[in-house]
Amino acid sequence: MTETSLILNAPTRATRTPAGSARKMRRKFGPVVKHIVLIIVGLIMLYPVLWMVVSSLRPNDAIFGDPSLILKTFDIDNYVNGWNALTYPFGKYLINSMIIVLGCIVGNLVSCSLAAYAFARLNFKSKRWWFGAMLVTIMLPVHVIIVPQYIMFSQIGWVNTYLPLIVPKLLATDAFFVFLMVQFIRGIPRELDEAARIDGAGHARIFFQIIMPLMVPALGTTTIFTFIWTWNDFFSQLIYLTKPEMATASLAVRQFVDAQSATDWGAVFGMSVVSLLPVFLVFLFGQRFLLQGIATTGGK
């Protein structure tokens, strides 16, 4: 019986060996192949940005004639010309953008956190209805409400000021951030609130001394997204800001493109790189809070 079983099992072992080797090969080289594919895809996605950076250091007559990323000449004249090409130095437009961004960040952090605490911890009439109505506004395109908003702000004299871009943020109009913070606060144990309430704390003290310190990841995520979205905003700023001294960085870059005459593409690329630097730095130094905030909120 022993010899027979060995004979019968011999083909089975022989047939299983190649399959086992294939599985070992997949385990060994599978991650390597995945990383190679991801690197290739990443390079393809980054190519336009890298080409823009390289082209900003080339003369105008050599920009569109060389699609490679090899820099043969190092010329910073595009940055010098672009910085002083418009009515005001480009630094003024960067400062204008920063003023709007800081106002929007403060507005979102204050108003959205308070609204989120109300939805997550307070009990009031028609709470679920109001929360659902707030979520519906996420699906509402800005182009639908831009006309009535412009008429309203024009009647009160807010056109060509930063108020139409900043004041709505103080009213918790960004429902995405309210929803993000609501989900985060719901994951904080209510026992902390109850313990503070036993010690005589009210809602204001509970919010500022207990909830807010624990909301740092969600607040960091809100700050980063608000910075990126506001800095890159073009449509709203184009509608409300028509004076040259009020223009932001995104509007200033658009002024380089002239349909009536030749466009200085070197200056366009140079100032585009300058405009992208703040976004890149914010994402680089804030990605830890961004990932932690999204992961924690999703896990809750």
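The values are calculated or read from the model by the stated rules, or taken from the named source; none is laboratory data. The structure displayed is predicted, hence computed values, not measured ones. Ideal geometry is used to build each Cβ from the backbone, glycine not excepted, and the neighbour counts take in all protein chains shown.
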query = Considering only residues of the stretch 137-150 that are among the hydrophobic types (A, V, I, L, M, F, W, C) and surrounded by fewer than 10 Cβ atoms within 10 Å (Cβ to Cβ), which is farthest from Gln237 (Cα to Cα)?
reply = Met139
query = Out of (1) part of a helix (DSSP H, G or I); (2) aliphatic (A, V, I, L, M); (3) at pLDDT below 90; (4) farther than 22 Å from Leu46 by Cβ, the odd one out for Leu238 is which?
reply = (3)
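For the stretch 42-66, name all the residues that are in a helix (DSSP H, G or I) and over 17 Å from Ser272 (Cα atoms). Full working, then the answer.
Taking the stretch 42-66 first, the residues in a helix (DSSP H, G or I) are 42-55, 60-62.
Gly42, Leu43, Ile44, Met45, Asp61, Ala62, listed by residue number.
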remark   = Those helices (runs of 4 or more DSSP H) completely within the stretch 89-176 that have 2 or more residues that are of a type outside the set (Phe, Trp, Tyr) and within 20 Å of Ser250 (Cα to Cα) are 90-121, 142-155, 163-166
inquiry  = Regarding the stretch 282-289, can at least one residue be identified that is at pLDDT 70 or above and buried (at least 19 other Cβ atoms within 10 Å of the Cβ)?
reply    = no
Residue in the stretch 246-253 that is more than 21 Å from Val106 (Cα to Cα), in the same structural domain as Val101 (by TED's automatic domain parsing), exposed (fewer than 15 other Cβ atoms within 10 Å of the Cβ) and β-branched (Val, Ile, Thr) present = no
ask   = Which one of the conditions (1) in contact (Cβ under 8 Å) with a residue 12 or more places away in the chain; (2) farther than 27 Å from Asp193 by Cβ does Met134 fail to meet, given that it meets all the rest?
value = (2)
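Conditions (1) among the aliphatic types (A, V, I, L, M); (2) in contact with a Ser or Thr (Cβ under 9 Å, 6 or more places away or on another chain); (3) surrounded by 15 or more Cβ atoms within 10 Å (Cβ to Cβ), marked per residue:
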residue	(1), (2), (3)
Trp83	no, no, yes
Leu86	yes, no, yes
Phe90	no, yes, yes
Gly107	no, yes, yes
Ala116	yes, no, yes
Asn123	no, no, no
Ser126	no, no, no
ask   = So how many residues does the stretch 154-174 have that are closer than 20 Å to Thr137 by Cα and either β-branched (Val, Ile, Thr) or buried (at least 20 other Cβ atoms within 10 Å of the Cβ) (or both)?
value = 8
inquiry  = Cβ-Cβ distance below 9 Å, separation of 6 or more or different chains: which pairs start in the stretch 91-109 with a residue that is closer than 18 Å to Pro168 by Cβ and in the same structural domain as Leu277 (by TED's automatic domain parsing) and end on one that is buried (at least 20 other Cβ atoms within 10 Å of the Cβ) and among the basic types (Lys, Arg)?
reply    = Gly103/Lys169; Cys104/Lys169; Ile105/Lys169; Val106/Lys169; Gly107/Lys169; Asn108/Lys169
task = Could you check how many residues of the stretch 67-88 are touching a Leu at 6+ places or on another chain (Cβ under 8 Å) and assigned to a helix (DSSP H, G or I)?
result = 1
request  = From (1) exposed (fewer than 13 other Cβ atoms within 10 Å of the Cβ); (2) modelled with pLDDT under 90; (3) not in a loop (DSSP other than H, G, I, E, B), pick out the condition that doesn't hold for Gln260.
outcome  = (3)
inquiry  = For the stretch 177-223, which positions are loosely packed, with under 15 Cβ neighbours inside 10 Å and either in contact with a strand residue (DSSP E or B) (Cβ under 6 Å, 6 or more places away or on another chain) or aromatic (Phe, Trp, Tyr) (or both)?
reply    = Phe208
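Is the stretch 26-34 home to any residue that is within 30 Å of Leu251 (Cα to Cα), modelled with pLDDT under 90 and surrounded by 11 or more Cβ atoms within 10 Å (Cβ to Cβ)? Step through it out loud before you land on a result.
Narrowing the stretch 26-34 to residues within 30 Å of Leu251 (Cα to Cα): none.
No; the residues of the stretch 26-34 include none that is within 30 Å of Leu251 (Cα to Cα), modelled with pLDDT under 90 and surrounded by 11 or more Cβ atoms within 10 Å (Cβ to Cβ).
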